Amino acid sequence: MISRRGFLTGAATVIGAGAVSRAGAAVLPEAASNGDAKTNPPPLPPNGRTFHPVVTLNGWSAPWRMKDGWKEFHLVAEPVIREIAPGMYAKLWGYNGSSPGPTIEVVEGDKVRMFVTNKLPEQTTMHWHGQRLANGMDGIAGLTQPPIPVGKTWVYEFEASRPGTFMYHPHADEMVQMAMGMMGFWVTHPKDSQQFRVDRDFVFLLNAYDIAPGSSTPQTNTMLDFNLWTFNSRAYPGIDPLVCRQGDRVRIRVGNLTMTNHPIHMHGHTFEVTGTDGGWVSKSARWPEVTTDIAVGQMRAIEFDATALGDWTLHCHKAHHTMNAMGHTVPNMIGVDQSGIIEKINQLVPSYMSMGEHGGAMNGMAMPLPTNTLPMGGGPRAVWRYRNGRHVYDGESA
Ligand SMILES: [Cu+2]
């Protein structure tokens with residue numbers, strides 16, 4: 001006797017498998033690949049309904065093809081190499097050559113067909129975070145579909161029924177696959193391209209990695225103590241600026257796929273929260289902020305008028321999240337006179353330096369770092385330089 005759930009799950013499987021065989025492997029849409037970490041200029045839509053594209057911070061938007069009224073994308077889940085910042089590379093899992101994967105941009109009312117090919121060493125699925133769709137298209141391994149086996153392609157179909165800000169990520173071996181960088185942004189533009197119109201529309205995901213200095217593969221069992229808190233898998237000084245003209249109306253959309261909340265703070269301006277996970281906030285209900293807390297799994301859209309000239313900071317207000325790789329078990333030595341002990345230790349370890357008596361003062365330390373990690377030093381025009389394969393302290397600000 002087949003259970004109702006078993007029957008429904010089986011039906012969804014058949015639809016998925018049927019779509020693959022109907023389309024045929026030979027006519028899969030081309031899967032574009034892009035492994036660089038530049039902010040790519042957004043392409044204008046070559047066909048389908050028109051929209052004003054978003055700019056993906058240190059990322060790109062996926063091309064599509066129109067076929068019989070369907071907008072078709074092809075995402076390939078695969079191992080990628082991501083440059084987190086100059087001189088530091090991570091072995092991640094992502095989509096189409098990058099982590100995060102390419103941003104998907106569609107228009108309200110589009111019929112969307114997503115081909116997902118699994119080139120990982122383990123099974124996966126794809127969940128379309130925030131979308132309203134048929135249960136069988138929700139991408140939950142073991143509940144709404146069997147996982148996509150290694151080497152196979154699954155097809156998802158749904159209508160992008162409401163405009164707004166969304167994400168995509170696997171719902172199979174979630175802890176490992178998201179800690180390895182598998183995620184991407186999704187924007188559904190309004191049917192009326194003038195609705196919600198702004199001059200600049202930036203998107204990025206908050207993600208985090210724990211990559212021990214000298215290694216390149218994230219520690220996927222880490223729960224909270226990550227050492228690289230990243231915007232779109234990039235860390236300072238590798239994050240591009242969000243450049244706009246004075247007077248522009250600017251929107252920044254942020255999704256959080258880390259394991260903790262991030263109070264995102266902007267300098268020099270006040271903004272309004274104009275979009276949440278549930279959609280756009282009506283004008284009368286928008287609220288002013290200079291910091292908006294983005295909880296785990298949430299998306300936020302903020303908007304402001306870029307009135308003030310200058311280089312303004314946009315950062316998480318958890319101070320440890322603005323640091324790159326750092327030790328967390330170092331005692332606080334502020335006010336401790338270490339002068340007598342340095343000479344003694346130097347007799348055993350000539351290169352030993354005391355630190356911390358007057359505060360952190362990381363920019364005052366001239367120590368080479370292990371390979372493939374990032375220094376804690378910061379500030380505009382930082383005094384850290386990447387030279388001969390190492391991050392070194394340069395001694396003076398440029
Ligand atoms: Cu944070």
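The values are calculated or read from the model by the stated rules, or taken from the named source; none is laboratory data. Owing to the predicted nature of the structure, the values given are computational and were not obtained by experimental measurement. Glycine also receives a Cβ, built like all others from the backbone with ideal geometry; neighbour counts cover every protein chain displayed.
Here are some notes:
- Annotation note: Cβ proximity below 7 Å between a residue of the stretch 108-124 that is at pLDDT 95 or above and surrounded by fewer than 23 Cβ atoms within 10 Å (Cβ to Cβ) and a residue that is assigned to a strand (DSSP E or B) and of a type in the set (S, T, N, Q) (sequence gap 6+ or interchain) occurs for Glu108/Thr188; Phe115/Thr153; Thr117/Thr153.
- Scanning the stretch 189-206 for residues that are farther than 25 Å from Pro263 by Cα and in contact (Cβ under 8 Å) with a residue 40 or more places away in the chain, we see that the one that is nearest to the ligand (Cβ to nearest atom) is His189.
- Among residues of the stretch 309-323 that are assigned to a helix (DSSP H, G or I), those with a Cβ under 7 angstrom from a residue that is near the ligand (Cβ under 9 Å from one of its atoms), sequence gap 6+ or separate chain, pair up as His321/Trp229; His321/His262; Thr322/His315; Thr322/Cys316.
- Per-region count, the stretch 209-240, residues surrounded by 20 or more Cβ atoms within 10 Å (Cβ to Cβ) and farther than 19 Å from Gly59 by Cβ: 3
- With respect to the conditions (1) at negative phi; (2) without any contact (Cβ under 8 Å) to a residue 60 or more places away in the chain, Gly268 falls short on a single one, namely (1).
- On the stretch given as the stretch 244-272, residues that are among the β-branched types (Val, Ile, Thr), more than 16 Å from the ligand (Cβ to nearest atom) and not in a loop (DSSP other than H, G, I, E, B) total 1.
- Residue within the stretch 59-76 that is assigned to a loop (DSSP other than H, G, I, E, B), more than 19 Å from Phe115 (Cα to Cα) and in contact (Cβ under 8 Å) with a residue 24 or more places away in the chain present: yes
- Residue count for the stretch 297-330 under the criterion of being under 19 Å from the mean Cα position of the chain (by Cα) and on the phi < 0 side of the Ramachandran plot: the result is 17.
- Filtering Pro375, Pro380 for residues that are within 30 Å of Thr274 (Cβ to Cβ) and modelled with pLDDT under 85 leaves a single hit, Pro380.
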